[in-house]
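Undergrad: Attaching a single structure in structure tokens format; questions to follow.
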Amino acid sequence: MTLTTLKTTPFDDQKLGTSGLRKKVSVFRQPDYLENFIQSLFNALGGVEGADLVIGGDGRFYNRRATQIILKMAAANGVASATVGRNGLLSTPAASNIIRKYKKTGGIILSASHNPAGENGDFGIKYNSSNGGPAPEKITDAIFEETKKITDYKILEIPDVDIEHLNSYKLMDMDIHIIDPVEDYQLMMEEIFDFDAIRKLIASGFTVRFDAMNAITGPYAKAILERTLGAAEGSVVNAVPLLDFGGLHPDPNPVHAKALFDLMHSDSAPDFGAASDGDGDRNIVLGRNTYAAPSDSLAVLTANAHLAPGYAKGIKGVARSMPTSAAVDRVAKSLNIPCFETPTGWKFFGNLLDAGEVTLCGEESAGTGSDHVREKDGLWAVLLWLNIIAASGKNVPELMTDHWAKFGRNFYSRHDYENLDLETANKLIADLRGKIPSLAGKTIDGLKVVAADDFCYTDPVDGSVSSHQGVRIYFKGESRIIFRLSGTGTEGATLRVYLERFEGNKEKLSMNTQDALAPLIAAADKIANISSRTGRVEPSVIS
Ligand code: G1P
Ligand code: ZN
């Protein structure tokens with residue numbers, strides 16, 4: 001067995017975004033690229049001698065290769081143990097659970113979430129700390145600094161090791177444990193939820209469709225929904241994680257999960273429909289002819305979580321990302337619990353969860369989660385919905401309508417303009433920032449601006465400050481528009497425009513969302529000149 005130290009030189013593009021390092025597979029396949037990043041990560045952690053690491057990913061192209069490289073580097077760097085999901089597979093929430101449950105040093109998650117996979121698709125790596133959550137900015141910044149000065153890396157030059165069989169063995173001095181990716185996750189779900197009640201619901205004829213979109217949640221959903229809770233075989237579709245996700249784009253939204261939306265709006269709709277994303281942390285939930293949009297879903301879950309055994313004692317507080325609608329704020333108010341507004345990205349929930357300030361959290365981008373792990377968790381959200389349905393006897397449309405009748409409705413939509421020219425997008429945002437002081441008090445198309453700012457967040461737990469998190473424009477009547485650039489794309493820039501308007505009038509609760517938001521959509525274009533600057537007449541994705 002040869003332990004080698006190889007000379008290398010830095011790459012200039014290894015800055016981490018909202019969810020770690022995300023690049024085209026072709027970029028990751030350059031000689032030394034992955035190795036440089038992993039060694040920089042190890043260096044940023046102050047070395048990994050004696051560390052216990054978890055390794056797994058969403059099954060996309062390069063997942064296995066990367067797992068092999070990381071194992072050989074981990075052993076060469078003195079890591080004490082590596083716990084690896086069989087075949088290198090672990091959903092993001094499952095990885096978070098393993099880190100927490102077995103008190104590991106941290107975990108390396110191989111995923112580009114919902115981005116397309118395959119040889120021409122994307123790949124990504126992120127590091128999660130001992131609390132099971134995405135590494136905080138001080139670590140990701142330190143990794144980036146290391147990538148700029150790396151000179152060599154350590155690796156074992158040996159043939160690939162066996163990651164296909166459940167087994168424990170040694171690689172030099174490092175223990176390797178190949179584990180079932182599903183088992184611990186399922187045990188945790190059985191502790192949180194009333195599986196008997198859900199089983200009864202399903203046995204009574206309640207039908208379910210779960211679309212795993214050829215990504216990581218297939219094995220989890222098959223084991224839990226079909227084999228344990230009794231959903232008919234075939235209820236989970238696209239259930240085998242494929243290297244290229246079968247060409248699907250596992251981002252659960254009305255565009256990329258169109259097959260599910262079509263089904264749920266057809267005569268053959270089951271009672272319940274759901275989908276997750278590439279690495280299993282996102283979710284969408286639908287009922288017949290009803291979409292429980294993520295911001296609403298967070299509000300409904302917060303209002304009803306106590307119906308699940310894991311939350312029977314109630315909820316301490318909630319947190320939502322800033323662009324997520326304020327629907328949950330209303331629930332928090334009625335429950336008399338705090339509601340925190342954080343920047344986009346799950347890592348900002350970590351401190352609040354660790355400090356016990358919040359129990360549930362969520363983002364408009366189809367992410368919902370709780371303090372059971374430190375990641376958003378797609379299947380968890382699906383099970384919480386099923387538990388609430390089983391306990392309340394109400395289906396998705398009834399739960400939604402009852403919720404709006406009680407709290408009013410925050411009409412909400414996100415318009416994405418993808419693959420924009422980087423310079424154009426940056427200039428658009430820079431100019432918007434410049435406009436902020438002149439906006440307050442202005443009336444645009446009959447909409448009166450009451451306030452405008454660029455969101456700056458001070459973490460209530462550690463006091464750290466994150467600025468420039470999105471331009472927010474508030475209008476009279478509880479409406480707002482937010483503009484920000486995506487931090488997860490790999491091609492050009494993506495402009496996200498978030499639109500929200502509260503409606504308390506019972507007659508208007510069932511309006512079409514885009515119609516309800518039409519005046520704001522027009523105002524957004526007036527304020528940011530989106531169409532004239534980008535040449536786009538409509539968004540690439542409306543969710
Ligand atoms: C997007 C979502 C954000 C989510 C992140 C990672 O980030 O908007 O809510 O946390 O993916 O899943 P963005 O591309 O907007 O930076
Ligand atoms: Zn994801």
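Values quoted throughout were computed directly from the atomic coordinates according to the rules given, and no laboratory measurement underlies them. Here the structure is a predicted model, which means the values were calculated and not measured. Positions of Cβ are generated from backbone atoms using ideal geometry, with glycine treated the same way; all protein chains shown enter the neighbour counts.
Undergrad: Report the convex hull volume per residue for the stretch 386-543, counting only C-alpha atoms, in Å³.
TA: Numbers: hull volume 26.4 nm³, N = 158.
For the stretch 386-543, the hull spanned by Cα atoms encloses 167 Å³ per residue.
Undergrad: Need the full-extension length gain, residue 3 to residue 354, defined as separation in residues times 0.36 nm minus the C-alpha distance. One decimal, nm.
TA: Between residue 3 and residue 354, full extension yields an extra 122.5 nm.
Undergrad: Next question. May I ask you to sort 267, 402 by Cβ crowding, counting other Cβ atoms within 10 Å and putting the fewest first?
TA: Fewest-to-most ranking of 267, 402: 267, 402.
Undergrad: Sum -39500 (n - 2.57) across every DSSP H segment of at least 4 residues in the chain, then divide by the residue count to get the 222 nm mean residue ellipticity, nearest 500.
TA: -9500 deg cm²/dmol
Undergrad: Taking the Cβ of residue 42 as the center, what net charge do the other residues with Cβ under 11 Å away carry, scoring Lys and Arg +1 and Asp and Glu -1?
TA: -2
Undergrad: In the structure shown, do any of 24/154; 103/316; 101/316; 347/506; 376/476 have a Cα-Cα gap over 26 Å, and if so which? Walk me through the intermediate numbers first.
TA: Working: 24/154 24 Å; 103/316 24 Å; 101/316 22 Å; 347/506 37 Å; 376/476 33 Å.
Pairs exceeding the cut-off: 347/506; 376/476.
Undergrad: Also, quick follow-up: Of all beta bridges DSSP finds with both residues in the stretch 52-174, what is the antiparallel percent, to the nearest 5?
TA: That works out to approximately 40 percent antiparallel.
Undergrad: Using the beta-carbon distance between residue 144 and residue 464 and R0 = 22 Å, what value does 1/(1 + (r/R0)^6) give for FRET efficiency, to the nearest 0.05? Please report the intermediate quantities before stating the final value.
TA: Details: r = 17 Å, r/R0 = 0.76.
Calculated value: 0.85.
Undergrad: Turning to a different aspect of this structure: Using the Karplus equation 6.51 cos²θ - 1.76 cosθ + 1.60 (θ = phi - 60°), what ³J(HN,Hα) coupling, rounded to whole Hz, does each residue of the stretch 15-28 give in order, writing x for Gly and Pro?
TA: Computed from phi, the couplings for the stretch 15-28 are 7, 8, x, 3, 10, x, 9, 10, 8, 4, 3, 4, 5, 5 Hz.
Undergrad: Dipole of the stretch 239-341, Cα-centred, from +1 at each Lys and Arg C-beta and -1 at each Asp and Glu C-beta, to the nearest 20 debye?
TA: Working: 8 positive and 11 negative charges, 113 e Å.
With Lys and Arg at +1 and Asp and Glu at -1, about 540 debye.
Undergrad: Another question about this same structure. So between residue 453 and residue 233, what do we pick up on full extension, going 0.36 nm a residue minus the alpha carbon distance? Don't jump to the answer; show the numbers that get you there.
TA: On the way: separation 220, 0.36 × 220 = 79.20 nm, distance 5.12 nm.
Gain in length upon complete extension: 74.1 nm.
Undergrad: Above 19 Å lies some portion of the pair distances; for the stretch 130-223, what is it as a whole percent of all C-alpha pairs?
TA: In whole percent, the share of Cα-Cα pairs in the stretch 130-223 beyond 19 Å is 71.
Undergrad: What is the Cα convex hull volume of the stretch 351-462 when expressed per residue in Å³?
TA: Values: hull volume 23.3 nm³, N = 112.
Normalising the Cα hull of the stretch 351-462 by residue number yields 208 Å³.
Undergrad: Of the options 37, 352, 274, report the single residue whose Cα projects farthest towards the positive end of the charge dipole of the chain (beta-carbon charges: Lys, Arg +1; Asp, Glu -1).
TA: 352
Undergrad: Could you tell me which residue out of 210, 168, 150 lies farthest along the dipole of the stretch 114-226 toward its positive end? Charges go on the beta carbon: Lys and Arg +1, Asp and Glu -1, centred on the Cα centre.
TA: 210
Undergrad: On full extension of the chain, what length is gained from residue 103 through residue 398, given 0.36 nm per residue of separation minus the C-alpha to C-alpha distance?
TA: My answer for the length gained is 102.1 nm.
Undergrad: In debye, nearest 20: dipole of the chain around its Cα centre with unit charges on the Cβ of K, R (+) and D, E (-)?
TA: 1100 debye
Undergrad: If you don't mind, another one. Using the Karplus curve 6.51 cos²θ - 1.76 cosθ + 1.60 with θ = phi - 60°, work out ³J(HN,Hα) for each residue of the stretch 313-328 in order, rounded to whole Hz, and write x for Gly and Pro.
TA: Coupling constants for the stretch 313-328: 7, x, 10, 6, x, 10, 9, 9, 5, 3, x, 5, 5, 7, 4, 6 Hz.
Undergrad: Could you check the simple spin-label distance between residue 510 and residue 478, using points 7 Å along Cα→Cβ, in nm with one decimal?
TA: So the two model labels end up 2.1 nm from each other.
Undergrad: Then there is this: State, to one decimal in nm², a quarter of the convex hull surface area for the C-alpha atoms of the stretch 436-512, i.e. the direction-averaged projected area.
TA: Numbers: hull surface 33.0 nm².
Approximately 8.3 nm², given one-decimal rounding.
Undergrad: Moving on to the next point. Sorted by packing (mean other beta-carbon atoms within 10 Å per residue), highest first, where do 384-396, 182-194 land?
TA: 384-396, 182-194
Undergrad: Return the Cα extents of the chain along principal axes one, two and three, sorted largest first, each rounded to a whole Å.
TA: Sorted from largest, the Cα extents of the chain read 73, 58, 41 Å.
Undergrad: How far apart, in nm, are the 7 Å Cα→Cβ label points at residue 265 and residue 12?
TA: Going from the residue 265 label point to the residue 12 one covers 4.7 nm.
Undergrad: Per residue of the stretch 119-128, what does 6.51 cos²θ - 1.76 cosθ + 1.60 with θ = phi - 60° give for ³J(HN,Hα)? Whole Hz please, x for Gly and Pro, Karplus curve as stated.
TA: 4, 9, x, 9, 9, x, 9, 9, 10, 10
Undergrad: Additional query: Please say if the stretch 4-110 is rounded, prolate or oblate, where rounded means a/c under 1.5 for a ≥ b ≥ c the square roots of the C-alpha gyration tensor eigenvalues, and otherwise the choice is prolate for a/b larger than b/c and oblate otherwise?
TA: Numbers: a/c = 1.62, a/b = 1.21, b/c = 1.33.
The shape class here is oblate.
Undergrad: Next question, about the same structure. Roughly how tilted is helix 422-439, in degrees to the nearest 10 and between 0 and 90, from the longest Cα axis of the chain?
TA: 40 degrees
Undergrad: What number comes out for the charge environment of residue 423, summing +1 per Lys or Arg and -1 per Asp or Glu over other residues with Cβ under 13 Å away? Before the final figure, lay out the partial values.
TA: Numbers: positive: 427, 533; negative: 421, 431.
Residues near residue 423 contribute 0 overall.
Undergrad: A further question follows. Quick one: which residues, 5 or more positions from residue 319 or on another chain, have an amide H under 5 Å from its amide H? H modelled 1.01 Å from N in the peptide plane, none for Pro or chain starts.
TA: Correct list: 340, 360, 361, 362.
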